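These notes concern the structure reproduced below.
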Amino acid sequence: ERINMIKMKNIAVLLFCLVVPGITIAQTEVLYNGIHLPEQWPPRYAEPQKAQDMPIPYLKQKPGVIPVNVGRQLFVDSFLIAETNLDRVIHTPRFYEGNPVLEPDKEWEKTTEGGLYAAPFSDGIWYDEKDRKFKMWYLAGAGVLHKGDNQTFYTGYAESEDGKHWTKPVLDIWNQTNIVDTCNRDAATIWLDKLEKDPSKRYKMFNVERRPTDRRWQFILKYSSDGIHWGEGVAQSGDLYDRSSAFYNPFRDVWALSMRYGTKVSSRSRSYLENKDPEVAVSFAHRIRKGVPDKNMVYWFTPSDKEPRHPEFPEVEPGIYNFDAIAYESLMLGLYSVWQGPENGVCAKLGIQKKNEIFLGYSRDGFHFYRPSFKPFMAVNETEGAWNWGNMQSINGVPLIVGDSLYFYSSGRLKNKIMWDSHTSTGLATLRRDGFVSMHGDKDGYLLTEKIRFDGKHLFINADVKGSLTVEILDENGKPLEGFTRKDCVPVKKTDKTKLLVTWKKHQDIASLIGKAVQLKFYLDNADIYAFWISPWQTGESRGYTSGGGPGLSPGGIDVPANP
């Protein structure tokens, strides 16, 4: 099923080899969206001498015609846009008033010095459509088990019926608690692999564990059929830095490791490794020796020169504390935990939390991530008693799709007197579905897409229309098509929905344009548009990735009807 989906959705085919006398040009990969990957993949960039943005090659050299068969098409960058006079509006989620939704309230969640921990450190929050439950794995203090170290941790589990009210079930793993893994750990990634054929491997844990010989960190990969009963490790990495994580890129069917890495810019930069087999990926991972190229691992990115600085410690150079990623609809969503200081010793002396906040980036090839904003997506709240006073960390699995909303979760730390870096809990923030970026027009607004090609029949949009919105379809020469002009379009007026069907007076669908290169021209009068997509079904499923899941969605993590 996974292979068939990759073939059907991504159109990931290898181009033929061009053979010139004495020279063979290597095969290159074409992605689902028409992007051609370079011959060398993953790409190898020289480590910069100063903070800078990651290059985004596919925004400089776009495909001549962009296939839009996979997922909702979001306006988070300029990839889809040929011309516009609309304003780009960046949106952020609203924190749930009932936060935190999970707190450290069990004796076994304390460290030996009494520090309280009950929040994911990447880990994972997912909706399991098969069990119809929200599920959470999180870092918990392990003082009652590991007596020899003040900062030791193991993995707890919680579940919920609505994503807001969580319970910690009594399990048969360790001492009638909700602990599911007792290995001393730092970060972890628990991935609900909804495309996995082997039921025993449906849940995958990439655990960053202490090596017993030298107390250095390494990845240990484990499998589980239910996310509660975990097998022994099946693969191990070499020596690694802490705060490393993993993610799955379904567009290319590869597992990627996101690892802490030191550069001249920052000791909190990232390196990257990918492989189709998660066991091989873990086995290849290790610290990189400076000056010695590695066949599998590459330098990835440093902090940007646009990262915000701590207002009370402006001399501190920001760093990328962690980076998680997940497929959402037609792109990869990247979650940055951006560190702004101060260093641990200063925090301990002053009794404060370091400032980590969560930022977003977006990728259409799974490696190069574009950041339209350097304002926090989820920010700390430095008021006394706030659950997220400092050190917020990203979580795998999010966003979850709940009706017309996206559920984002993060960890946060309460300022406390027990231990400066303790008292973690978990909070919820909600955002409109596809609601990351909207293109806004007050009057006479328009947006013309690049040339696109599709195999669906029905055009849908996600829009907030206070005035009106119409759509015109142009041929490959830029001429409006008869029957699909602006005047022919049935106007969308005074409505706000995350799924709206667009029709024309003489055409209820656009099936007659399948396979043709066309452009869409949106006309906005006091309206915001978030996304468009072309579905094979009148019910509007996008065929995009709904990886984190949600009530009523397909258990395969792809937006298709229950009985297509």
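The values are calculated or read from the model by the stated rules, or taken from the named source; none is laboratory data. Bear in mind the structure is a predicted one, so any value in this text is a computation, not a measurement. Please note: Cβ atoms are built from the backbone with ideal geometry, for glycine as well, and neighbour counts cover all protein chains shown. Side chains are part of the model used for accessible areas, which takes the heavy atoms of the whole protein and leaves out ligands, DNA and RNA. Shrake-Rupley method; radii C 1.70, N 1.55, O 1.52, S 1.80 Å.
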**Report entry** Selection within segment 300-318 - in contact with a strand residue (DSSP E or B) (Cβ under 6 Å, 6 or more places away or on another chain) and closer than 18 Å to TYR45 by Cβ
**Finding:** TRP300, PHE301, THR302, PRO303
Query raised in the report: Among the residues of segment 223-241, is there at least one that is under 21 Å from GLY262 (Cα atoms), among the aromatic types (Phe, Trp, Tyr) and open to solvent by 50 Å² or more (accessible area, probe 1.4 Å)?
Result: yes
Report summary line: Expected output for segment 459-483 (first residue farther than 20 Å from GLY515 by Cβ and of a type in the set (Ser, Thr, Tyr), partner open to solvent by 30 Å² or more (accessible area, probe 1.4 Å) and in a loop (DSSP other than H, G, I, E, B), Cβ below 8 Å, 6+ apart or cross-chain) is SER468/PRO491; THR470/ARG486; THR470/PRO491
Requested in this report: Report, by residue number, each residue of segment 226-237 that is assigned to a loop (DSSP other than H, G, I, E, B), farther than 14 Å from ALA188 by Cβ and in contact (Cβ under 8 Å) with a residue 40 or more places away in the chain.
Outcome: ILE228, HIS229, VAL234
Query raised in the report: How about segment 425-508: which strands (runs of 3 or more DSSP E) wholly inside it have at least 1 residues that are among the basic types (Lys, Arg)?
Result: 458-474, 492-502
Query raised in the report: Quick one: what pairs do we get from segment 360-377, first residue open to solvent by 10 Å² or more (accessible area, probe 1.4 Å) and aliphatic (A, V, I, L, M), second modelled with pLDDT of 95 or more and assigned to a strand (DSSP E or B), C-beta under 8 Å, 6+ apart or different chains?
Result: LEU360/LEU333; LEU360/GLY334; LEU360/LEU335; LEU360/TYR336
Report task. Please list, ordered by first then second residue, the pairs with beta carbon atoms under 8 Å, 6 or more apart or interchain, first in segment 191-207 and more than 24 Å from SER244 (Cα to Cα), second at pLDDT 95 or above and surrounded by 17 or more Cβ atoms within 10 Å (Cβ to Cβ). Result -> SER200/TYR223; SER200/SER224
Report task. For SER410, state whether it is within 30 Å of GLU109 (Cα to Cα) and polar (S, T, N, Q). Result -> yes
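Examine segment 11-27 for a residue that is out of contact with any helix residue (DSSP H, G or I) (no Cβ under 7 Å at 6 or more places or on another chain), in a loop (DSSP other than H, G, I, E, B) and at pLDDT 95 or above, and state whether such a residue exists.
In the first step, residues of segment 11-27 are kept if they are out of contact with any helix residue (DSSP H, G or I) (no Cβ under 7 Å at 6 or more places or on another chain); the result is 11, 13-27.
Okay, now just the ones that are also in a loop (DSSP other than H, G, I, E, B), so 11, 15-18, 21-22, 25-27.
Then drop every residue that is not at pLDDT 95 or above, which leaves none.
The answer is no; no qualifying residue exists.
Hand me the list of strands (runs of 3 or more DSSP E) wholly inside segment 63-153 holding 1 or more residues that are surrounded by 24 or more Cβ atoms within 10 Å (Cβ to Cβ).
Working: elements: 81-84, 87-90, 118-128, 133-141.
Where strands (runs of 3 or more DSSP E) fall fully within segment 63-153 and carry at least 1 residues being surrounded by 24 or more Cβ atoms within 10 Å (Cβ to Cβ), they are 118-128, 133-141.
Looking at SER304, SER266, can you tell me which residue is surrounded by fewer than 21 Cβ atoms within 10 Å (Cβ to Cβ), over 22 Å from the mean Cα position of the chain (by Cα) and touching a residue at least 40 places away in the same chain (Cβ under 8 Å)?
On the way: SER304 fails: over 22 Å from the mean Cα position of the chain (by Cα).
So the residue among SER304, SER266 that is surrounded by fewer than 21 Cβ atoms within 10 Å (Cβ to Cβ), over 22 Å from the mean Cα position of the chain (by Cα) and touching a residue at least 40 places away in the same chain (Cβ under 8 Å) is SER266.
Among what's in segment 348-376 and is assigned to a loop (DSSP other than H, G, I, E, B) and among the hydrophobic types (A, V, I, L, M, F, W, C), pick the residue that is farthest from GLY412 (Cα to Cα).
Here the answer is PHE367.
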Query raised in the report: Any idea which of (1) touching an Asp or Glu at 6+ places or on another chain (Cβ under 7 Å); (2) open to solvent by 40 Å² or more (accessible area, probe 1.4 Å) is the one LYS487 doesn't satisfy?
Result: (1)
Query - Residue count for segment 423-458, restricted to those that are surrounded by fewer than 22 Cβ atoms within 10 Å (Cβ to Cβ) and over 27 Å from PHE79 (Cβ atoms) - result: 0
Report summary line: Only one of (1) closer than 28 Å to ASP528 by Cβ; (2) of a type in the set (Val, Ile, Thr); (3) at pLDDT below 95 does not apply to THR84, and that is (3)
Query raised in the report: Within segment 378-417, which residues are in a loop (DSSP other than H, G, I, E, B) and crowded, with 24+ Cβ neighbours inside 10 Å?
Result: ASN388, SER394, ASN396, GLY397, VAL398, PRO399
